[in-house]
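Reviewing the structure listed below.
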Amino acid sequence: MNIIVKGFKDQSIVTISELLAMIDVIPLHHKQSIKNIVYDPSRFYQRSYAQPKPLNRRVAAEYNRLPFSYVVVYKFTSKEQLRHMLYHEIGHHVYHHVLSSSQKKTWVTQLYASKNFISDYAKTNASEDFAETYSYFFHQPSLCAKFTDKYNFIKKI
């Protein structure tokens, strides 16, 4: 698996080794088609690869699959914030590219519909709920374990 990591040498909060250690805890099949993980405070990726639209400067990170699957981080102020955002954005990749349609249906109709959310942001929609839960699964597993059905779902995949 070859994920290209770009731009992180231009900041002093996390070392490349620490970033790689964060990435290593994600199962291989969850990240195998992600091409790049980029630190891009200038938002070059947002301007050049995302479909043409006004820049959203409130977004701190995003997952995109155009023209290829990548995670881009625009800003972070701590290792913990980066870890959460990184796992959250990889969670979007898993939701869109790893889960089968029946697994997505289960998440939407049973787990998201249960209205048992790990964060306020998870209430936004089923994809955000999955991404937030996925992030907590890897970042704060003891908190995630309190959401038993969602924790077990992610543990199985």
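Side notes on the structure shown:
- Amide H contacts under 5 Å for V38: K6, V71, V72, V73, restricted to partners 5 or more places along the chain or on a different chain, H placed in the peptide plane at 1.01 Å from N.
- In Å, descending, principal axis extents of the Cα set of the chain: 41, 33, 30
- Residues of the chain: accessible area per residue with a 1.4 Å probe, Å²: 53 Å²
- Adding -39500 (n - 2.57) for every DSSP H run of four residues or longer, then dividing by how many residues the chain holds, sets the calculated 222 nm ellipticity at -12500 deg cm²/dmol.
- Each Lys or Arg adds one and each Asp or Glu takes one away; over the other residues whose Cβ falls under 13 Å from the Cβ of H97, this sums to +3.
- Cβ-derived FRET efficiency at R0 35 Å, K115 paired with I13, nearest 0.05: 0.50
- Hydrodynamic estimate: the Kirkwood radius of the stretch 65-119 over Cα pairs, inserted into Stokes-Einstein at 4 °C and 1.567 mPa s, corresponds to D of 99 µm²/s.
- Shown for the chain: the carbon plus sulfur share of the solvent-accessible area, taken with all protein chains present and a 1.4 angstrom probe, equals 51%.
The values are calculated or read from the model by the stated rules, or taken from the named source; none is laboratory data. Remember, it's a predicted structure, so these values are computed and weren't measured experimentally. Note that each Cβ is placed from the backbone with ideal geometry, even for glycine, and that neighbours are counted across all protein chains shown. Ligands, DNA and RNA are excluded from the accessible area calculation, which covers all protein heavy atoms including side chains. Shrake-Rupley method; radii C 1.70, N 1.55, O 1.52, S 1.80 Å.
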